[in-house]
1. Given a 10 angstrom Cα cut-off, can you work out which residue in Ala232, Ala164, Ala41 is the most mobile in a GNM of the chain?
2. Just to be sure I follow: if Rg is taken over the C-alpha atoms of the chain and Rh is the Kirkwood radius over the same atoms, what is Rg/Rh?
3. Please give me the summed charge of the neighbours of Tyr167: other residues whose Cβ is under 10 Å from its Cβ, Lys and Arg +1, Asp and Glu -1.
4. For each of His254, His162, His77, count neighbouring Cβ atoms within 10 Å of the residue's Cβ, then give the residues from fewest to most.
5. Got a sec to turn the phi values of the range 184-195 into Karplus ³J(HN,Hα) couplings, 6.51 cos²θ - 1.76 cosθ + 1.60 with θ = phi - 60°, whole Hz, x for Gly and Pro?
6. Which whole-angstrom value gives the distance between the alpha carbon centres of the range 155-183 and the range 95-144?
7. Which helices, counted as full DSSP H runs in the chain, have an axial Cα extent of no less than 30 Å and a Kyte-Doolittle average of 0.0 or above?
8. If Lys and Arg each add +1 and Asp and Glu each add -1, what is the summed charge of the other residues whose beta carbon sits under 14 Å from the beta carbon of Glu86?
Amino acid sequence: MHCHALLLASGLVLPDGRVAHVLRDDAAVAGFIRSRVAELANAAIAETGAFSMSIGSGTTVAPLVELAGELDFSRLHLFFGNERTEGDAAGKCFDGAAALVEACAIPPENVHRVPSLVAEEAATQYEATILSSAREWGVGTCERTGLPALDLVLLGSGADGHCASLYPDSAQVVCSPGCQRMYLPAEGKGGVTLSIDAICSARNVILSAGKAAQAEMVHKCLAGSLEPMLPAGMLAASEGTQVEWLLTEASAVHLIP
């Protein structure tokens, strides 16, 4: 590796503080997500009485179904890091979380759905709702940004370096850092996304990038300094924010000699 990372049992600790866990395969990534979310949730609930988590859809969410019985889901507040809000796909991520909500008996009032409105209106309204109720829901404030500090933002990623609905060169990316918004309309997607600023305000960020097709992207984002051309590579670890990448041997092939 070219960035002189420190190899620990818990993963590769990069010079900028990000951590990369290299796991055997997708099944191992799923198992890591389950155990790490349970660990973070139980710690937050013990500390503050609540756990706030943002999810997307797909393979990062599916493993959470098996957490039923492993933590107090009545203390969980569930948010959505990206969501379609217009057209036939409106509520896609909310619908995708139905199995998780049912299996783990998450109280309906703790599942914070993005409104199905025109994207700009949805982003503004969802952000305003969270800001007005953050303290009630046990969500802290990031001292660096002033934005809500969710306990966990759980993200997938793509070979193009996107995460949530943050795509390279999109309007929701080029305004970062410093946009001072928690949610933004997602250009061309008919929906909303967490901003990079908001993700970097969370206490913990977990980003999954385990596909072989993502190997080049992983190398660009992790083999040197932060990669400002790729949204996933812009997620910085800072005081109060831990950023963990979940890789497989296939996606880390260019990272470790």
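1. Per the Cα network of the chain with a 10 Å cutoff, Ala41 tops the list.
2. Details: Rg = 17.0 Å, Rh = 18.2 Å.
Ratio of gyration radius to Kirkwood radius for the chain: 0.94.
3. Values: positive: Lys189; negative: Asp160, Asp169, Glu187.
Once positives and negatives cancel, what remains is -2.
4. On the way: His254 15, His162 21, His77 24.
Ordered by Cβ neighbours within 10 Å, fewest first: His254, His162, His77.
5. 9, x, 9, 3, x, 10, x, x, 10, 8, 4, 7
6. After rounding, the separation between the Cα centres reads 19 Å.
7. Details: long enough: 26-48 (32 Å, 0.59).
In the chain, the long hydrophobic H runs are 26-48.
8. Values: positive: Arg84, Lys92, Lys189; negative: Glu83, Asp88, Glu120, Glu121, Glu187.
Overall, the nearby charge balance is -2.
No value in this document is a laboratory result; all are computed from the given coordinates. Here the structure is a predicted model, which means the values were calculated and not measured. Using ideal geometry, Cβ is built from the backbone for each residue, glycine included, and neighbour counts are taken over all protein chains shown.
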